[in-house]
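Report on one structure; see the data block that follows.
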Amino acid sequence: AMPEEALFVCRAWGFEPKSELVWVKLTGSGEDSKLCFGMGRYVRAAHETCLVAARGKASQRIRDRGVRSVFLAARGEHSAKPVEFYDIAERLFPGPRVELFARGVPRPGWEQYGREAWASPESP
(Lines give C-alpha, C1' and ligand atoms only; values in the text may rest on other atoms or scores of the structure.)
Protein backbone atom coordinates (compact mmCIF):
# COMPACT_ATOMS: atom_id res chain seq x y z
CA ALA A 1 0.00 0.00 0.00
CA MET A 2 3.02 2.28 0.41
CA PRO A 3 5.40 1.53 -2.48
CA GLU A 4 7.73 4.51 -2.06
CA GLU A 5 8.23 3.74 1.61
CA ALA A 6 8.82 0.06 0.88
CA LEU A 7 11.50 0.91 -1.69
CA PHE A 8 13.12 3.36 0.73
CA VAL A 9 13.36 0.72 3.49
CA CYS A 10 14.57 -1.90 1.03
CA ARG A 11 17.43 0.31 -0.15
CA ALA A 12 18.23 1.62 3.34
CA TRP A 13 18.85 -1.98 4.43
CA GLY A 14 21.25 -2.52 1.52
CA PHE A 15 18.94 -4.47 -0.78
CA GLU A 16 18.27 -3.78 -4.42
CA PRO A 17 14.72 -4.34 -5.71
CA LYS A 18 14.72 -6.98 -8.45
CA SER A 19 11.09 -7.87 -9.07
CA GLU A 20 7.78 -8.27 -7.29
CA LEU A 21 5.14 -10.88 -6.64
CA VAL A 22 1.48 -10.02 -6.94
CA TRP A 23 -1.06 -11.91 -4.85
CA VAL A 24 -4.55 -11.63 -6.34
CA LYS A 25 -6.86 -12.08 -3.36
CA LEU A 26 -9.91 -14.29 -3.73
CA THR A 27 -12.93 -14.61 -1.44
CA GLY A 28 -12.54 -18.39 -1.25
CA SER A 29 -11.00 -21.36 -2.97
CA GLY A 30 -14.03 -22.80 -4.76
CA GLU A 31 -15.48 -22.22 -8.20
CA ASP A 32 -17.68 -19.38 -6.95
CA SER A 33 -14.79 -17.43 -5.41
CA LYS A 34 -14.50 -13.82 -6.55
CA LEU A 35 -11.96 -11.04 -6.33
CA CYS A 36 -11.86 -9.51 -2.88
CA PHE A 37 -13.22 -6.02 -2.41
CA GLY A 38 -10.51 -4.51 -0.22
CA MET A 39 -9.58 -1.11 1.07
CA GLY A 40 -7.78 1.52 -0.95
CA ARG A 41 -6.95 5.19 -1.26
CA TYR A 42 -7.91 5.55 -4.92
CA VAL A 43 -9.05 2.09 -5.99
CA ARG A 44 -10.34 -0.90 -4.00
CA ALA A 45 -7.38 -3.26 -3.70
CA ALA A 46 -7.92 -6.86 -4.75
CA HIS A 47 -4.22 -7.64 -4.59
CA GLU A 48 -1.04 -7.24 -2.56
CA THR A 49 2.51 -6.92 -3.75
CA CYS A 50 5.74 -8.31 -2.36
CA LEU A 51 9.12 -6.87 -3.26
CA VAL A 52 11.72 -9.39 -4.33
CA ALA A 53 15.03 -7.80 -3.38
CA ALA A 54 18.58 -9.01 -3.04
CA ARG A 55 22.09 -8.15 -1.98
CA GLY A 56 25.02 -9.31 -4.06
CA LYS A 57 24.69 -11.89 -6.81
CA ALA A 58 21.43 -13.48 -5.78
CA SER A 59 20.47 -14.29 -9.38
CA GLN A 60 22.99 -17.14 -9.26
CA ARG A 61 21.04 -18.67 -6.37
CA ILE A 62 17.59 -18.77 -8.00
CA ARG A 63 16.36 -22.35 -7.78
CA ASP A 64 13.35 -22.22 -10.12
CA ARG A 65 13.17 -19.78 -13.01
CA GLY A 66 9.65 -20.92 -13.87
CA VAL A 67 8.00 -18.97 -11.03
CA ARG A 68 5.37 -16.55 -12.30
CA SER A 69 5.00 -13.06 -10.88
CA VAL A 70 1.25 -13.39 -10.16
CA PHE A 71 -0.59 -15.96 -8.08
CA LEU A 72 -4.18 -16.35 -6.94
CA ALA A 73 -5.00 -17.40 -3.39
CA ALA A 74 -7.83 -17.06 -0.92
CA ARG A 75 -7.65 -14.30 1.64
CA GLY A 76 -7.19 -15.56 5.17
CA GLU A 77 -6.97 -13.78 8.50
CA HIS A 78 -6.15 -10.06 8.50
CA SER A 79 -2.56 -9.52 7.28
CA ALA A 80 -1.81 -13.24 7.09
CA LYS A 81 0.10 -14.38 4.03
CA PRO A 82 -1.25 -17.42 2.16
CA VAL A 83 0.65 -20.71 2.13
CA GLU A 84 1.14 -20.22 -1.61
CA PHE A 85 3.35 -17.19 -0.89
CA TYR A 86 5.75 -19.23 1.24
CA ASP A 87 5.79 -22.02 -1.34
CA ILE A 88 6.76 -19.54 -4.07
CA ALA A 89 9.51 -17.93 -1.98
CA GLU A 90 10.91 -21.38 -1.16
CA ARG A 91 10.86 -22.35 -4.85
CA LEU A 92 12.78 -19.19 -5.74
CA PHE A 93 15.61 -19.19 -3.19
CA PRO A 94 17.22 -21.76 -0.91
CA GLY A 95 17.40 -19.24 1.95
CA PRO A 96 17.99 -17.70 4.32
CA ARG A 97 14.55 -16.09 4.32
CA VAL A 98 13.00 -13.47 6.57
CA GLU A 99 9.37 -12.47 7.04
CA LEU A 100 8.53 -9.14 8.62
CA PHE A 101 5.15 -8.59 10.27
CA ALA A 102 4.69 -12.35 10.56
CA ARG A 103 1.49 -13.93 11.82
CA GLY A 104 0.67 -17.50 12.66
CA VAL A 105 2.84 -20.52 13.37
CA PRO A 106 6.58 -20.73 12.67
CA ARG A 107 7.64 -22.10 9.30
CA PRO A 108 10.86 -24.09 8.96
CA GLY A 109 13.60 -22.27 7.05
CA TRP A 110 12.29 -18.81 7.92
CA GLU A 111 13.23 -16.11 10.41
CA GLN A 112 9.92 -14.53 11.32
CA TYR A 113 9.41 -11.27 13.17
CA GLY A 114 6.22 -9.53 14.17
CA ARG A 115 4.04 -8.65 17.09
CA GLU A 116 1.72 -11.53 16.23
CA ALA A 117 4.32 -14.07 15.13
CA TRP A 118 3.61 -17.57 16.36
CA ALA A 119 0.13 -16.63 17.56
CA SER A 120 -2.12 -19.65 17.41
CA PRO A 121 -5.16 -20.95 19.28
CA GLU A 122 -2.84 -23.31 21.18
CA SER A 123 -0.55 -20.46 22.33
CA PRO A 124 -0.92 -19.27 25.94
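Quick notes on this structure:
- Scanning residues 5 or more positions from residue 54 or on other chains, those with amide H under 5 Å from its amide H are 16, 18, with H placed 1.01 Å from N in the peptide plane.
- For the chain, the solvent-accessible area works out to 76 Å² per residue, with a probe of 1.4 Å and every protein chain left in place.
- Maximal additional length on extending the residue 91-residue 69 stretch stands at 6.7 nm, based on 0.36 nm per residue less the C-alpha distance.
- Antiparallel %, DSSP beta bridges [both residues in the chain], to 5: 45
- DSSP loop trypsin sites (Lys or Arg not before Pro) with at most 12 other Cβ within 10 Å: longest gap in the chain: 69-114
- Nearest-0.05 FRET efficiency for residue 13 and residue 107, computed from C-beta distance (R0 25 Å): 0.70
- Percent of alpha-carbon pairs separated by more than 17 Å within the chain: 64
- For the chain, the 222 nm mean residue ellipticity estimated from helices alone, with every DSSP H stretch of n ≥ 4 adding -39500 (n - 2.57) and the total spread over all residues, rounds to -4500 deg cm²/dmol.
- In the chain, the portion of solvent-accessible area held by carbon and sulfur atoms comes to 56 percent [1.4 Å probe, whole percent, DNA, RNA and ligands not counted].
- Our estimate of slack between residue 62 and residue 49, defined as 0.36 nm per intervening residue step minus the Cα-Cα distance, is 2.7 nm.
The values are calculated or read from the model by the stated rules, or taken from the named source; none is laboratory data. Since the model is a prediction, treat every value here as computed from it, not as a measurement. Because the Cβ atoms are built from the backbone with ideal geometry, glycine has one as well, and the counts that use them run over all protein chains shown. The area values use the complete protein model at the heavy-atom level, side chains included, leaving out ligands, DNA and RNA. Shrake-Rupley method; radii C 1.70, N 1.55, O 1.52, S 1.80 Å.
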